[in-house]
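Colleague: Right, I'll just put the structure down here and ask away after.
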Amino acid sequence: MNLVPFKLLTIVATDAIEHRITKDLKSLGAKGYTRSEVEGEGIHGKHFSDWEGRNIKIETLVKEEVAIQIMEKLSSDYFGKYSIICFLSTVEVLRPERFA
Amino acid sequence: MNLVPFKLLTIVATDAIEHRITKDLKSLGAKGYTRSEVEGEGIHGKHFSDWEGRNIKIETLVKEEVAIQIMEKLSSDYFGKYSIICFLSTVEVLRPERFA
Amino acid sequence: MNLVPFKLLTIVATDAIEHRITKDLKSLGAKGYTRSEVEGEGIHGKHFSDWEGRNIKIETLVKEEVAIQIMEKLSSDYFGKYSIICFLSTVEVLRPERFA
Amino acid sequence: MVLAFVLGIIATLVRSDLKFPDSLYQSLTIYLLFAIGIKGGVKLSETHFEDVYKTAIGAIMMCSMIPIWSFLILKFVARFDHLNAAAMAAHFGSVSVVTFSQASVFLEQKGISFEGFMPAILAIMEIPAILVALYIASKEPGRQGGSRQQVLHELLTGKGNLLLIGGLVIGMLTGKKGFEQVNSFFEIPFKGILCLFLLEVGLVTGRRIPDIRQAGIKLVIFSLLIQILNGSIGVWLGIQTGLSIGGATLFGVLSASASYIAAPAAIRMALPEANPGYYLTASLAIAFPFNVTLGIPYYSYLATLFAN
Amino acid sequence: MVLAFVLGIIATLVRSDLKFPDSLYQSLTIYLLFAIGIKGGVKLSETHFEDVYKTAIGAIMMCSMIPIWSFLILKFVARFDHLNAAAMAAHFGSVSVVTFSQASVFLEQKGISFEGFMPAILAIMEIPAILVALYIASKEPGRQGGSRQQVLHELLTGKGNLLLIGGLVIGMLTGKKGFEQVNSFFEIPFKGILCLFLLEVGLVTGRRIPDIRQAGIKLVIFSLLIQILNGSIGVWLGIQTGLSIGGATLFGVLSASASYIAAPAAIRMALPEANPGYYLTASLAIAFPFNVTLGIPYYSYLATLFAN
Amino acid sequence: MVLAFVLGIIATLVRSDLKFPDSLYQSLTIYLLFAIGIKGGVKLSETHFEDVYKTAIGAIMMCSMIPIWSFLILKFVARFDHLNAAAMAAHFGSVSVVTFSQASVFLEQKGISFEGFMPAILAIMEIPAILVALYIASKEPGRQGGSRQQVLHELLTGKGNLLLIGGLVIGMLTGKKGFEQVNSFFEIPFKGILCLFLLEVGLVTGRRIPDIRQAGIKLVIFSLLIQILNGSIGVWLGIQTGLSIGGATLFGVLSASASYIAAPAAIRMALPEANPGYYLTASLAIAFPFNVTLGIPYYSYLATLFAN
Ligand SMILES: Nc1ncnc2c1ncn2[C@@H]1O[C@H](COP(=O)(O)O)[C@@H](O)[C@H]1O
Ligand SMILES: Nc1ncnc2c1ncn2[C@@H]1O[C@H](COP(=O)(O)O)[C@@H](O)[C@H]1O
Ligand SMILES: Nc1ncnc2c1ncn2[C@@H]1O[C@H](COP(=O)(O)O)[C@@H](O)[C@H]1O
Ligand code: NA
Ligand code: NA
Ligand code: NA
C-alpha cells in the first residue's frame, strides 16, 4: 500500500456555471472530477427546484498547486456574484500518477 | 489565498427526520448546508426504497463550537432511536466569514 | 462528546462492479456504507449516461486496518481493469463501536 | 395484472438488476392517488348524502376498532412486544391504495358494479387507524409522550392524504363535465400504470421474502389471520351499511388491506424503535400478496353470501 | 384545472411533504414543450405565409418593446434598482408556456377557435425580450460587459427553445399525416399532464408566497399593472394584425404572461446579482396565478370588445 | 419519427443544455421492453408452434454465427486487436429494441403485415451472441478465465431480458382478452414514447460523433459493411424459414441491428479493458443511425426481392 497525500477540492455551486467550472478545472490541470446533483441552503436562500436553480457538487482530486490555482480562478471569476462555495481537504490516494 | 481551517460535519440519516435536523442546524448557528439523496446499509438494515425510508446526507461547514453543539443535539434527540450517523472532518475554506 | 478518529474510505467506480464492491466491503468487516449515484470524467472518458455506464460513489467508515484491507482487495481485483478510484481521509466519529 | 407482481418477485429472486428509478415510483404514486381521488370525487358529486353517510360511519368505526383488536391479538395471543404490536396494528388498520385499485379492476372484469363513492371511503380510512395505534403505543409503560402534534400534522399533510383528498375535492367541484377533459389521462392509462406499479411492489416484496423466514412463522400466521378476520368483518359491515355486493367487497378489501404508504412513513417517524422486519414484512410481503391473489375473490364470494 | 394549481399552493401552505421528483418535472416540461411544438408545426404546415407574417412581426415588436417600457416603469416609477428592474423586465417580456396552454384549453372549452400557428408565435416571443433586457442591464453605469456571446448561445440552445422549435420543424415536415401516428401520445394526455404540471407549479408558487410579503406591496402592484398593460396592448395588437378573437386572446396572454423557464435560467447566468426574491416572485407567485385565474377570461373579454 | 433522432443529434451539436433525466430514460426503457414483450406474448399465444419453430432455429443460428464472422472480419481484415474485435462482435450479434420498434412502425405505415411472434425472436436473439463473443474473447492468448458464471447470470437476469421475457410470458398467459384491459396503456402511447426515446438516443449519439473521427474511417467502413452483410443474410434466411416479407424484413433488421442495452452492460462487466470508443461508437453512432434511416427500407426492399 503506497498511500500518498493529495488534495480533494469540493465545490458546491449553482448549475448555471457548471460547464464553466468543469472547463476551468480541466484547463488548470485536473485529470478528472466527480459530479452529483445536490440541493442546499445558504446566504443566497434555498436551491431546491429548477426555477431557483439547482446546485451541483464537484469533487476533484488534485495536487496542492493545482488546487490553489483552481481556487484562485473560482475566486476571481465567480465569488461574490454567483452562489458558490468551495473547500479543500487532505486525503490519501493510491496510484497518485493517475491524478497529476 | 487565505485558507482558514473549518469543520465539515456530515450527517447521514433517515429522511423521516430531515426537517427536524435542518431546523436544528439553523437554530444552532449553521449558515447553510448541502443535502443529497443517498442510499445505504448499516446496523438497521438496508435503506434502498421509499418503503424502507430513504437516507439523506447533509453536509454543513461550521465552526468547531457549532459542530460540537449540533452533535450534542443529534446525540440527545436522535441517537439510539433513529437511523443516523455523523462524522466530523477538518477542511480549509476561503471567505470564512460566510460560514460563521 | 467523545470524538474518536476513524477512517472514511471513498470509492468512485463504474456501476458494473457495484455489487462486487459492496460484497467485498462486508466480507472485509465494514459495518455499513452509504452509496449515491454520481457522474464523472477521468482517464477513461466521460461517464454521464447509462450506455457509458454510470458511476456510483460508496463511502464507508471503517478502522484503518479494514480500510487498508479493502484497498488491497480493490487494487488486486479491479485496479487497472475497471474505472475505479478511491481515497482515504481521517474523520472523527461518535459511537465508534457502531462502525467497528 | 397480478402477473406483473409475480414478475417483480421473480426478478428479485433471480437477483436481476431490474430496478425502478425512485422517481418513476414516486410519479406512479402521485398519478395513482390523484387519479383515484379525482375519479372518486366526480362520483361523489353525483351521490346523495343519505346514500353515503352510513358507510362513512361504518368506515370510521371499522378503522378505529381494527387496530385495537389487532393490537390485542398481536400482543397477548401472538406475544409480540408492545411497540411492534402497535406498529403492525397501525398497518393493518390503514388501507392499501393498490390493493383497492386491483380489487376495483377485478370487479369491473367480473361485471360487478360498486358504489362510486368508495374512494372517499378509502380516504376516510387511511389515517384514523394510525392515530389509534400510535395512541396505543404511547401507553406503553415507561414511555414518554413524544411529539404527537407533529406526527398528526405529518399524517394529515402526508402526500397520500393530500392527493387523495385534494383529488376528491377537485373531482367534486369539477363534476362529470370537467372530468371529461382530463378523463383520457386519468382513466385510460390507469390499468397500465397499475400494472407497472404492481411490478415495482413485486420487486420490493421480493426483497422482503428473506425477512419472512427471519420473522418466523408466527408473523405469517397472525398476519394472515388478522387480515382475513378484518376483511370478513368488513364485508359483513359493508352489507349492513347498505352497500351493494361490489361495494361490500371493496369495503372488505379496505378493511383487510394493510397500508404501505402512510403507515410506514408515520411509524418511521413516531415509533422509530419498531422493527420494519415485522411491520413492513407483514404489510408488503404477507398481506399484500395474499389480498391481491386469494383475498379479493374470497371477499367477493363472501359478499355474495352475506347479501343473500 | 386551475384547481390543481390551488391544491399545490395549499399543499405548501399546510407544509405537506408532497414533492414532485425533479425528473418528473423535467419530463413533464419536455413533454409539454415538444407537444406544443409539434402540434403547432402541423398547423403551421397548413398555414399560408400571408396569414402569419403580420402577427409574427407584431410579436417581435411586442416582445422587444415590453421589456423597455416595463424596465422604465420599474426603475423610474416603482424605483427598483437598475439590475432588478432589468431582470424583471426580462421575465415580463418573455412568455409562459403553461399559461399559454391553459389559455388554449380555456378557449377550447368555450368553443372559441384560434389560429393554429399560435405556438409558432410563442416560440418567436420566448427569447428576444430576454436579450433586450440583458442589453438594458449591461447599460448600468459602471458595469462591464460580461460574456454576452455565451448567454446568447445558452438562450438559443436552451431546452425550451430547442424543443419548441425542434417540435415545430418536425411538425411542419411531418404534416398532418405523420402526426396522426403519434397523435394519441401528444394530444390525448395533454390536458392531464398540464394538470399535473399546474400542481407542481402550485407547489413552487406556494413556497414563494412568504417572499411576496418580504418583497412588499410595491412588487405586487407593479407586477399586476404591467401584466395587465402588456396583455391589453397585446390583445389590441393581435386584433390589428388580423387575428381572430381566439387568436388575439392568446396574443394578449402571451404578452401578459411572464416567463419561468427561459428567463430565470438566463438571468441566473447573466445577471447573477439580481435578486430572485423579486423576479421569481413576480413571475411565479404574482403573474402566473393572476393570469391563469382572472387574466385569461379578461383578455378573452377584451378581445371580443376590440373585435367589434 | 426519425426526425426526433435528428433533433437529438442537433441538440448535442449546438451544445444545447437539453438533457433527459436519467429516470425518464430508464422509465422509457422499462415501458418499451415491457410493452414489446407483452404485445409479442399475446401474439405468440395465437401462434401455432409449427409456424414459429423454424424461424426460432434460424434466429439462434444467426446470432451464434454473426459474432464469429464479425469477429474474424474485424480481427483479420480490419486488424482490430482481439479484445476490441470480440467486444464489437458482441454488439453486432445482439439486437436493438429501438431499431426493431422503428422497423415495425415503418412496416405498419407501409401497410406490410408481419408475424406477431417476432418479438419472441427478438428475445431469443438478445443474448446468445454476447455469450459467443465473450467465449471468443476468453480465447485470447494469455488471458485467464474471469468469472463467466457471473456474467452469464447478469445477462440472463439483466433487465432487458427480464422485462422482454417476463412480458412475453405475461402476454401469453393473459392472451388477447387480458391484454385488452391494459391495451390502451401499452399500445396507444407506444409510438409517442418511441419518439421521445429516439430523441434521447439522438442526444447520446450526438455526444459520440467526435469519437467517430478519433476511431477512424476503418471503424465506420467495417461497421457498415458488417451491418449490411448481417442484415442481408438475415433477410434471406428469414425468407428461407418461411417468413412473410414483413417478417423477413424484421429478421433482417434484427440481424443487422447492434445492441446497446444488453451488450454494453455485459462488455463493461466482462471485458472492461475493451474500448467503448470502438464498441459504443460502432453501435450507437454508426449502426443505429444507418439502420433507422437507410437500413430499414433497404432490408424491406431486399425482402420483396428475395420473396419473388
Ligand atoms: N455552511 C455551509 N455548509 C454547507 N454547504 C453550504 C454552506 N453554505 C452554503 N452551502 C452550499 O452552497 C450553496 C450556495 O451557497 P450560498 O451562496 O451561500 O447560497 C448552498 O445552496 C449550499 O448548497
Ligand atoms: N460504517 C458506515 N459507513 C458509512 N455509512 C454508514 C455506515 N454505517 C451506517 N451508514 C449510513 O447510515 C445509515 C443508517 O445507518 P444505521 O443506523 O447503521 O442503519 C445507513 O443506511 C448508511 O447510509
Ligand atoms: N481526479 C479525479 N478527481 C475526482 N474524481 C475522479 C478523478 N479521476 C477520476 N475520477 C472519478 O472516477 C471515475 C472513473 O475514473 P477513470 O477511471 O479515471 O475514468 C470518473 O468518472 C470520476 O467520477
Ligand atoms: Na385495513
Ligand atoms: Na410576456
Ligand atoms: Na444483430
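The values are calculated or read from the model by the stated rules, or taken from the named source; none is laboratory data. Bear in mind the structure is a predicted one, so any value in this text is a computation, not a measurement. We place every Cβ from the backbone using ideal geometry, glycine too, and count neighbours over all the protein chains shown. The area values use the complete protein model at the heavy-atom level, side chains included, leaving out ligands, DNA and RNA. Shrake-Rupley method; radii C 1.70, N 1.55, O 1.52, S 1.80 Å.
Colleague: Remind me, relative contact order of the range D:43-152 in percent, using alpha carbon pairs under 8 angstrom and six or more residues apart?
Modeller: Once normalised by length, the contact order is 38 percent.
Colleague: How do F:Arg208, D:Arg15 rank by accessible surface area computed with a 1.4 Å probe, from largest to smallest?
Modeller: From most accessible down to least: D:Arg15, F:Arg208.
Colleague: Which net charge results when you count Lys and Arg as +1 and Asp and Glu as -1 among the other residues whose beta-carbon is under 15 Å from that of D:Ser16?
Modeller: Neighbour charge sum, excluding D:Ser16 itself: -2.
Colleague: Taking the alpha carbon gyration tensor of chain A, what are the square roots of 5 times its eigenvalues, largest first, to the nearest whole Å?
Modeller: Numbers: eigenvalues 135, 38, 25 Å².
After diagonalising the Cα gyration tensor, the semi-axes are 26, 14, 11 Å.
Colleague: Leaving out ligands, DNA and RNA but keeping every protein chain, what accessible area does B:Ile17 have, in Å² rounded to the nearest 10, with a 1.4 Å probe?
Modeller: B:Ile17 has an accessible surface of roughly 0 Å² with all protein chains in place.
Colleague: So, one more: Mind listing the long-range amide H neighbours of E:Ala78? Cut-off is under 5 Å, sequence gap 5 or more, other chains count too, H placed in the peptide plane at 1.01 Å from N.
Modeller: none
Colleague: Would you please name the GluC sites (Glu not before Pro) within the range E:44-118 that are DSSP coil residues with at most 13 other C-beta atoms within 10 Å of their C-beta?
Modeller: The qualifying sites are E:Glu46.
Colleague: What nm distances, shortest first, do you get from the label point of D:Lys139 to those in the other copies when the point sits 7 angstrom along Cα to Cβ?
Modeller: For D:Lys139, the inter-copy label distances come out at 7.6, 7.6 nm.
Colleague: Take the solvent-accessible surface of the protein heavy atoms, probe 1.4 Å, and return the percent of it on the range C:8-94 that carbon and sulfur atoms account for.
Modeller: Reported share for carbon and sulfur atoms: 48 percent.
Colleague: What is the ratio of the Cα radius of gyration of the range E:74-151 to 2.2 N^0.38 Å, with N the residue count, to two decimals?
Modeller: That works out to 1.45 for the range E:74-151.
Colleague: Have a look at the range E:183-275 and give its Rg and Dmax from the Cα atoms, expressed in angstrom.
Modeller: When restricted to the Cα atoms of the range E:183-275, Rg and Dmax are 16.8, 46 Å.
Colleague: Mind grabbing the base-10 log of I(q)/I(0) for the protein assembly as shown at q = 0.06 Å⁻¹? Debye formula, identical points on the C-alpha positions, no solvent, two decimal places.
Modeller: Result of the Debye calculation: -0.52.
Colleague: Per residue of E:153-162, what is the mean number of Cβ atoms on other protein chains within 10 angstrom of that residue's Cβ? Can you show the working numbers first?
Modeller: Working: counts 3, 5, 0, 2, 9, 3, 6, 2, 2, 8.
Mean partner-chain Cβ count within 10 Å for E:153-162: 4.
Colleague: Still on this structure, please answer the following. In whole angstrom, and with the biggest value first, how far do the Cα coordinates of the range D:107-252 range along each principal axis?
Modeller: 56, 36, 36
Colleague: Between F:Gln214 and the same site in the other copies, what are the distances in nm, shortest first, taking label points 7 Å from Cα along the C-beta direction?
Modeller: So the distances to the same position in the other copies read 4.5, 4.5 nm.
Colleague: For the range D:23-303, taking Cα atoms only, what is the radius of gyration to one decimal and the Dmax to the nearest whole Å?
Modeller: Expressed in Å, the Cα Rg and Dmax of the range D:23-303 come to 17.8, 56.
Colleague: How many Å² of accessible surface get buried when D and E come together, counting both sides, probe radius 1.4 Å, rounded to the nearest 100?
Modeller: Chain pair D/E: roughly 1900 Å² of buried accessible area.
Colleague: A further question follows. With θ set to phi - 60° and the Karplus curve 6.51 cos²θ - 1.76 cosθ + 1.60, what are the ³J(HN,Hα) couplings of the range D:274-280 in order, to the nearest whole Hz, using x for Gly and Pro?
Modeller: 5, 9, x, x, 8, 6, 5
Colleague: Also: Could you go through the range B:59-64 in sequence order and give the Karplus-derived ³J(HN,Hα) for each residue, using 6.51 cos²θ - 1.76 cosθ + 1.60 with θ = phi - 60°, rounded to whole Hz, and x for Gly and Pro?
Modeller: For the range B:59-64, the Karplus-derived couplings read 10, 9, 8, 9, 6, 3 Hz, x marking Gly and Pro.
Colleague: Could you work out how far the C-alpha centroid of the range D:234-251 sits from that of the range C:55-100, in angstrom?
Modeller: Using only Cα atoms to place each centre, the spacing works out to 58 Å.
Colleague: Counting alpha carbon pairs within less than 8 Å and at least 6 residues apart, what relative contact order, in whole percent, applies to the range A:8-94?
Modeller: On the way: 115 pairs, mean separation 40.5, N = 87.
With pairs under 8 Å counted, the relative contact order is 47 percent.
Colleague: Could you derive backbone 3J(HN,Hα) for the range F:26-35 from the dihedral phi with the Karplus parameters 6.51, -1.76 and 1.60 (θ = phi - 60°), listing whole Hz in sequence and x where the residue is Gly or Pro?
Modeller: 5, 5, 4, 4, 4, 4, 4, 5, 5, 5
Colleague: Taking only Cα atoms of the range D:133-214, what ratio of Rg to Rh do you get with Rh as the Kirkwood inverse-distance radius?
Modeller: 1.16
Colleague: Would you work out which of C:Phe87, E:Gly8, E:Thr293 lies farthest towards the positive end of the dipole of the protein assembly as shown, given +1 charges on the beta-carbon of Lys and Arg and -1 on that of Asp and Glu, about the Cα centre?
Modeller: About the Cα centre, the residue reaching furthest to the positive side is C:Phe87.
Colleague: Here is a further query. Hey, which of these cross-link pairs are over 18 Å Cα-Cα: A:Lys26/B:Lys57; F:Lys39/F:Lys177; C:Lys7/C:Lys57?
Modeller: Correct reply: A:Lys26/B:Lys57.
Colleague: Near C:Thr60, within a Cβ-to-Cβ distance under 12 Å, what is the net charge of the other residues, with Lys and Arg +1 and Asp and Glu -1?
Modeller: Here the charged neighbours net out to +3.
Colleague: Considering only the label points, 7 Å along Cα→Cβ from Cα, what distances in nm to one decimal separate D:Thr47 from the same position in each other copy, shortest first?
Modeller: Ordered by increasing distance: 4.7, 4.7 nm.
Colleague: Kirkwood Rh, Cα Rg: Rg to Rh for the range E:1-158? Kindly include the intermediate steps, with their values, before the conclusion.
Modeller: On the way: Rg = 18.6 Å, Rh = 18.2 Å.
Result: Rg/Rh = 1.02.
Colleague: Note down the net charge around D:Leu243, summing +1 for each Lys or Arg and -1 for each Asp or Glu among other residues with Cβ under 15 Å from its Cβ. List each step's numbers first, then the result.
Modeller: On the way: positive: D:Lys43, D:Lys54; negative: D:Glu50, D:Asp51, D:Glu115.
Net charge in that neighbourhood comes out at -1.
Colleague: May I ask which of C:Lys81/F:Lys218; C:Lys23/C:Lys63; A:Lys63/B:Lys63; F:Lys43/F:Lys159 have a Cα-Cα span longer than 24 Å here?
Modeller: C:Lys81/F:Lys218; A:Lys63/B:Lys63
Colleague: With N residues in the range F:146-186, what two-decimal value do you get for its Cα radius of gyration over 2.2 N^0.38 Å?
Modeller: Details: Rg = 14.6 Å, N = 41, 2.2 N^0.38 = 9.0 Å.
The range F:146-186 yields a ratio of 1.62.
Colleague: Now for a separate question. Just which residue of chain D brings its Cβ nearest the axis of rotation onto chain F, and by how many angstrom, rounded whole?
Modeller: D:Ser23, 3
Colleague: Which residue, D:Ser259, D:Ser113, D:Ser16, tops the fluctuation ranking in a GNM of chain D built on C-alpha contacts under 10 Å?
Modeller: D:Ser16
Colleague: Sticking with this one: Return the calculated 222 nm mean residue ellipticity for the protein assembly as shown, to the nearest 500 deg cm²/dmol, obtained by summing -39500 (n - 2.57) across DSSP H runs with n ≥ 4 and dividing by the residue count.
Modeller: Calculated at 222 nm, the ellipticity per residue is -20500 deg cm²/dmol.
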